[in-house]
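The values are calculated or read from the model by the stated rules, or taken from the named source; none is laboratory data. Quick caveat, the model's predicted, so the values are computed rather than measured. Cβ coordinates were reconstructed from backbone atoms using ideal geometry, including for glycine residues, and neighbour counts include every protein chain displayed. Heads up: the accessible areas ignore ligands, DNA and RNA and are worked out on the full protein's heavy atoms, side chains in. Shrake-Rupley method; radii C 1.70, N 1.55, O 1.52, S 1.80 Å.
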Amino acid sequence: MIQLYQPLNFMGFVYREIKQAIIDIEMMFGVLSRNPEVKDRPGAKPLQVTSGTVRFEDVHFHYDPDREILKGISFEVPAGKTVAIVGPSGAGKSTISRLLFRLYDLSSGRITIDGQDIRDVQQTSLRAAIGMVPQDTVLFNDTIRYNIRYGRWDASDADVEAAAQMAQIDGFIRMSPQGYETEVGERGLKLSGGEKQRVAIARTILKGPPILVLDEATSALDSHTEREIQDELEKVSRNRTSLVIAHRLSTIVSADEIIVLERGRIAERGTHMQLLAMNGLYASMWNRQREADEAREKLAQFGDDE
Ligand code: ATP
C-alpha cells in the first residue's frame, strides 16, 4: 500500500508544483489563458541554473505584427546582481519580464539563462527558477499559513513562520487570536497593500529561487511602509540575480545598472550617479519625481498642522 501511495504522493507534489508555476505567472500578468503558441520543443531539457546570469541579446518583439514593442534590446543581469528597468509608461518594461518567463516568443534575438536559450528548456523548469514579487499579490480565501506556504508546498510550519519573520509580517499575524490559522479574505483578516506585499515576499523567501523579478507597485505606499518593504526586498534580492521593474526611482538608486527604456529602445544606461551626470531622460524623470515627492510631503505636513 505504501509503495502504491508514494508515487501517487510524488505525482501530487509534481502536479502542485506545475500548477503553482502556471498560476503564479497568470496571476502576475493577469493572463487568463496561456499563449498556445509557446510550446516545449521536442526533447526540451530542464534548465540548469549554475550561476543565474540572464542575458537579452538584440531582442525584438511585437504583440501585433504592425507595431514593434521592443526594438533591439540587449543587456545582461550578471549572477547575483540587480538591474532595474525604468522608463515612461508604455515603454515596454513589463513586456521584458513577460518575455523572461517566455509567455511569448521573440520575433528575433534571444534570451539566455546561464547560456541556455529559454526556448530550448522546459517551461516548468524555467518558471520554477524565477521568483516574483508582483505588483498586486493575490491572496486565497484560506488561512494565512496556506497563503505563505503557497511559496513552497513542502515547507514545514517552522519554515513558514521563519519566512514570515524575515518578511516582517510575523508580528502582525500573531496579533490575531488564531495566529497563522486566521482566514484571509472577505470574512477574515483584511490585509493592506503593504501587508499583502509582505506575504508575497515571505512566499518568495520560502521558494528561494536563484532569479528574482520584482514588479514594483505603481500605487504609492506611504513613505515609511515603502522604505520598510524596500529594505526587505533588498534582503531577499541580495546574492540573487534580480530584475526590477521600477516605477519609483527612489527605490533603485543602488541597482548595479539602471536601464532607461523609451519606446522600446534603450535610451540610457548606467548607475544612478552616471545617469544623473548625463542630465538626460533619467535626470529629468528623477527631478520630476523628487518635486512631486516634496509637494506631497508639504501637503501632508499642511494636513498635520491643521
Ligand atoms: P507601465 O509603466 O504603464 O506599466 P510598461 O513600460 O510596463 O508600462 P508594457 O506593459 O510593457 O509597458 O507595454 C508596452 C506596450 O505594449 C504598450 O503600448 C501596451 O499597450 C502594449 N501591450 C501590452 N500588452 C499587450 C498585449 N497583450 N497585446 C497588445 N499590446 C500590448
Criterion first (within 16 Å of the ligand (Cβ to nearest atom), in contact with a strand residue (DSSP E or B) (Cβ under 9 Å, 6 or more places away or on another chain), at pLDDT 90 or above and open to solvent by 10 Å² or more (accessible area, probe 1.4 Å)) does Arg240 satisfy it? no
Tell me the residue from Gln20, Gln3 that is modelled with pLDDT under 95, away from the ligand (no atom under 16 Å from the Cβ) and surrounded by 15 or more Cβ atoms within 10 Å (Cβ to Cβ), please. Gln20
When residues of the range 243-285 are filtered for being open to solvent by 70 Å² or more (accessible area, probe 1.4 Å) and not hydrophobic (A, V, I, L, M, F, W, C), how many remain? 7
How many residues of the range 193-215 are open to solvent by 20 Å² or more (accessible area, probe 1.4 Å), of a type outside the set (A, V, I, L, M, F, W, C) and over 14 Å from Glu228 (Cα atoms)? The answer is 4
For the range 168-190, indicate whether the set of residues that are open to solvent by less than 20 Å² (accessible area, probe 1.4 Å), aliphatic (A, V, I, L, M) and either modelled with pLDDT under 80 or in a helix (DSSP H, G or I) (or both) is non-empty. yes
Of the numbered conditions (1) within 16 Å of the ligand (Cβ to nearest atom); (2) at pLDDT 80 or above; (3) in contact with an Asp or Glu (Cβ under 8 Å, 6 or more places away or on another chain), Ala217 fails exactly one; give the number of that condition. (2)
Within the range 110-138, which residues are open to solvent by 30 Å² or more (accessible area, probe 1.4 Å) and within 23 Å of Pro65 (Cβ to Cβ)? Arg110, Arg119
Taking interchain pairs and intrachain pairs at least six residues apart, which have beta carbon atoms under 6 angstrom, with the first residue in the range 148-167 and surrounded by 16 or more Cβ atoms within 10 Å (Cβ to Cβ) and polar (S, T, N, Q) and the second in a helix (DSSP H, G or I) and at pLDDT below 90? none
Scanning the range 60-87 residue by residue, the ones that are open to solvent by 30 Å² or more (accessible area, probe 1.4 Å) and near the ligand (Cβ under 7 Å from one of its atoms) total 2
